[in-house]
Amino acid sequence: SNCFVTGDSFQTYLVGIVVPDFESLSSFISDANNGMLDLKQKSKEEIIADERIVALISECMKREEERAELKGFEKVKKFVLKEEDFTVENGLLTDSMKLKRNVARDRFK
């Protein structure tokens, strides 16, 4: 749903804040072939805390990094899954739907 990548001069890697598309994730979880039916009745918070979901998101990110042929320093080394979407109402987006990077960086430190 949303992703924010940040870095600073004190770290040697990029960090990502990822808000999954819970509608798509719910469809994936509901597919019996994926072995995650136990997550079907869980809250968003419980779903994003599950190590299988973290591994799934990580795998998707790595696949996209390879597709984009990113260099090592351009790749996200660590990421956190969050349930809160980026919206104007919660102060993370401007009225023109642009991310307020400093606000996001402070909120997700």
| task | Would you point out which residue out of Ser58, Ser30 is under 23 Å from Val5 (Cβ atoms) and of a type in the set (S, T, N, Q)? | result | Ser58
| Of all residues in region 1-36, which are of a type outside the set (Phe, Trp, Tyr), open to solvent by less than 40 Å² (accessible area, probe 1.4 Å) and not in a strand (DSSP E or B)? | Pro20, Leu25, Ile29, Met36
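I'd like the full set of residues that are open to solvent by 50 Å² or more (accessible area, probe 1.4 Å) and either over 13 Å from the mean Cα position of the chain (by Cα) or within 11 Å of Phe4 (Cα to Cα) (or both), limited to region 69-78. Steps first, answer last, please.
Within region 69-78, the subset open to solvent by 50 Å² or more (accessible area, probe 1.4 Å) is 69-71, 73-75, 77-78.
Scanning region 69-78 gives Glu69, Leu70, Lys71, Phe73, Glu74, Lys75.
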| What do you reckon, is Ile48 touching a residue at least 24 places away in the same chain (Cβ under 8 Å), outside any helix (DSSP H, G or I) and surrounded by 15 or more Cβ atoms within 10 Å (Cβ to Cβ)? | no
| Just one of the numbered conditions (1) loosely packed, with under 15 Cβ neighbours inside 10 Å; (2) assigned to a strand (DSSP E or B) is not true of Ala55; which one? | (2)
| query | Condition test on Lys78, is it in contact with a strand residue (DSSP E or B) (Cβ under 6 Å, 6 or more places away or on another chain) and not in a helix (DSSP H, G or I)? | reply | yes
| Which pairs do you get when a residue that is under 14 Å from Gln11 (Cβ atoms), found in region 65-81, comes within reach of a residue that is open to solvent by 60 Å² or more (accessible area, probe 1.4 Å), reach meaning Cβ atoms under 6 angstrom, with the pair 6+ apart or on two chains? | Lys77/Tyr13
| task | Output the residue which, of all residues in region 1-38 that are touching a Lys or Arg at 6+ places or on another chain (Cβ under 8 Å) and among the aliphatic types (A, V, I, L, M), is farthest from Glu64 (Cα to Cα). | result | Met36
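The values are calculated or read from the model by the stated rules, or taken from the named source; none is laboratory data. Remember, predicted model here, so these are calculated numbers, not experimental data. Methodologically, a virtual Cβ is constructed for each residue, glycine included, from the backbone with ideal geometry; neighbour enumeration extends over all protein chains shown. Quick note on the areas: whole protein, heavy atoms, side chains included, nothing else; ligands and nucleic acids left out. Shrake-Rupley method; radii C 1.70, N 1.55, O 1.52, S 1.80 Å.
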